[in-house]
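Chemist: Quick one: structure below, then a few questions.
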Amino acid sequence: MSVVLDERRRELIDAFTRQFGNAPEILARAPGRVNLIGEHTDYNEGFVLPAGIDREMLIAADTKSAEGTIELFSLEYNESYSFSVDQIRLTEEHYWSNYVKGVVDVLQKQTGKMVRGFRALFSGTVPQGAGLSSSAALEVATATLLNQLAKLSLDGREIALMAQKAESDFVGVKCGIMDQFVSALAQPDAAILIDCRDLSYKTIPLHLSEQSVALVITHTGVSRDLAASKYNERRAECEEGLQILKSKSGQELQSLRDVDDALLHAHVHHLPETIARRVRHVVSENDRVLEAAELLSQGELQRFGHLMIASHNSLRDDYEVSCVELDKLVELTLKAKGCLGARMTGAGFGGCTVALFKQEGVEAFMKEVLPEYERQTQRKPSAYVCTAAAGAGLI
């Protein structure tokens, strides 16, 4: 554990003691995540390759609340909120509490057990609104805490599914499984290759630490305002492409995951131009993810960097989910000393880039590239130098 993380956790214990009058009985944590490659493949039953990062959600808790009452305190918002386990409702006020309530609600419905009361203090280092899954980290940390308090013996996969259901069914954000999955199951200095069709997964060693390479995640300063509407549009375009290819090929295609280069090439003339480009991105991106897993397992970071660049180009040109600022940031990042590869990460239309940097190049990136990006775009970037961290657990 780093000195910084250790100090952060000590601060959490001190804050809990000040708020509730005694030291906590239990500490739980869950990391944020970054997707290294594999964008817009998840809802096409394809492959993704995310990693946990050393930005996390921390929860300190005890069981000294009134029976059936859950008392929450958010250190970042400096807000308290309490609710009864038999009266769980979505609220606009104290919106952050909905992610906790959702997990409690799902757990009670799935297990038939009423959650006993507890007191909890939350503190997070996952930047909010940066596309690094702060909400998933909060949900998974909560589920990890409840797993211990209720003595449920849930495994990481079950915790991830419970957390996702909380966000999808209770909070009302129809998210995929990737964010919660990696937050629950990540391993240090590794990524997770997830098959989004059956949720099978494989840990892929990254070899970052032994090669002195850092993950640098940079927010463009552009919020993802268009992401929701364009996301639904892209899903519809993928479905249209799938139905045309099924009809013209005569094959039983369950999703674009079942389309390969040969099939696409044979029938691409049946597809409208825009639809053909959307399908081409998904097919090629799935291939890149599988190749990336092989390269990373072998420590071939430079060659993986080339795949990152190809992924960004495909997202920009074929899937059209990039934006001027993302493209400019990737362009400037790739010119920086020590950069092995860079791409947009997330749904697009703003948000973040992810890059691999040799450690000796990170300082120059911060001092030279970020100011130049701000000068050219008039957008204020935020950069986070990360390592690949372990998934959720108790401290």
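Since every read-out is calculated from the coordinates, none of them should be taken as a lab result. Model, not experiment: these values are computed from the prediction. Note: ideal-geometry Cβ built from the backbone for every residue, glycine included; neighbour counts use all protein chains shown.
Chemist: Assuming R0 = 35 Å, what is the FRET efficiency of LEU199 and GLU79, from their Cβ-Cβ distance, to the nearest 0.05?
Modeler: On the way: r = 35 Å, r/R0 = 1.00.
The pair LEU199/GLU79 has a calculated efficiency of 0.50.
Chemist: Still on this model: As a test of understanding, state the convex hull volume per residue of the chain from its alpha carbons, in Å³.
Modeler: Considering the Cα atoms of the chain, their hull volume per residue is 141 Å³.
Chemist: Oh, and also: Distance check, please: which entries in LYS174/LYS246; LYS174/LYS328; LYS174/LYS380; LYS230/LYS335; LYS113/LYS151; LYS101/LYS202 exceed 21 angstrom between their Cα atoms?
Modeler: Too far apart for the 21 Å limit: LYS174/LYS246; LYS174/LYS328; LYS174/LYS380; LYS230/LYS335; LYS101/LYS202.
Chemist: Just to be sure I follow the definition: excluding the sites themselves, where is the longest run in the chain that has none of the GluC sites (Glu not before Pro) in a DSSP loop with at most 10 other Cβ atoms within 10 Å?
Modeler: 253-395
Chemist: Then there is this: How many percent of DSSP beta bridges within the range 32-181 run antiparallel, rounded to 5?
Modeler: Values: 16 of 21 bridges.
Antiparallel: roughly 75 percent of the beta bridges in the range 32-181.
Chemist: Which one of LYS113, LYS64, LYS328 has the biggest mean-square fluctuation once the chain is modelled by GNM with Cα springs under 10 Å?
Modeler: LYS113
Chemist: Dipole of the chain, Cα-centred, from +1 at each Lys and Arg C-beta and -1 at each Asp and Glu C-beta, to the nearest 20 debye?
Modeler: Charge dipole, the chain, about its Cα centre: 340 debye, nearest 20.
Chemist: Subtract the Cα-Cα distance of GLU67 and ARG235 from 0.36 nm times their separation in residues, and report this length gain in nm to one decimal.
Modeler: Computed gain between GLU67 and ARG235 is 55.9 nm.
Chemist: Something else: For the range 122-235, I need the span (max minus min coordinate) of the C-alpha atoms along each principal axis, in Å, sorted largest to smallest.
Modeler: Principal extents (largest minus smallest coordinate, Cα): 43, 41, 34 Å.
Chemist: Can you bin the range 270-378 into rounded, prolate or oblate? Criterion: square roots of the alpha carbon gyration tensor eigenvalues sorted a ≥ b ≥ c, rounded for a/c under 1.5, prolate for a/b above b/c, oblate for the rest.
Modeler: Oblate shape, in that a/c is at least 1.5 and b/c is the bigger or equal ratio.
Chemist: What is the magnitude of the charge dipole of the range 215-386 about its Cα centre, with +1 placed on the Cβ of each Lys and Arg, -1 on the Cβ of each Asp and Glu, and no other charges, expressed in debye to the nearest 20?
Modeler: Numbers: 22 positive and 26 negative charges, 85 e Å.
So the dipole magnitude of the range 215-386 works out to roughly 400 debye.
Chemist: Determine the gain in length on full extension of the stretch ASP169-SER153; use 0.36 nm per residue of separation and subtract their C-alpha separation, reporting nm with one decimal.
Modeler: 3.5 nm
Chemist: Classify the range 3-206 as rounded, prolate or oblate, taking a ≥ b ≥ c as the square roots of the eigenvalues of its Cα gyration tensor: rounded when a/c is under 1.5, otherwise prolate if a/b is larger than b/c and oblate if not.
Modeler: prolate
Chemist: Pop a pseudo-label 7 angstrom from the Cα along the beta-carbon direction at both ASP287 and ARG375 and give the gap in nm to one decimal.
Modeler: 4.0 nm
Chemist: What nm distance separates the two modelled labels at ASP14 and ASP260, each placed 7 Å from Cα along Cα→Cβ?
Modeler: Going by the 7 Å Cα→Cβ label model, 6.0 nm.
Chemist: Further question: Starting from the range 171-219, pick out the trypsin sites (Lys or Arg not before Pro) whose DSSP state is loop and whose Cβ has at most 15 other Cβ atoms within 10 Å.
Modeler: Numbers: sites: LYS174, ARG197, LYS202; in loops: LYS174, ARG197.
Qualifying residues, ordered by number: LYS174, ARG197.
Chemist: Follow-up. Go through LEU307, SER183, LEU49 and say which Cα lies farthest out towards the positive end of the charge dipole of the chain; charges sit on Cβ, +1 for Lys and Arg, -1 for Asp and Glu.
Modeler: So the residue we want is SER183.
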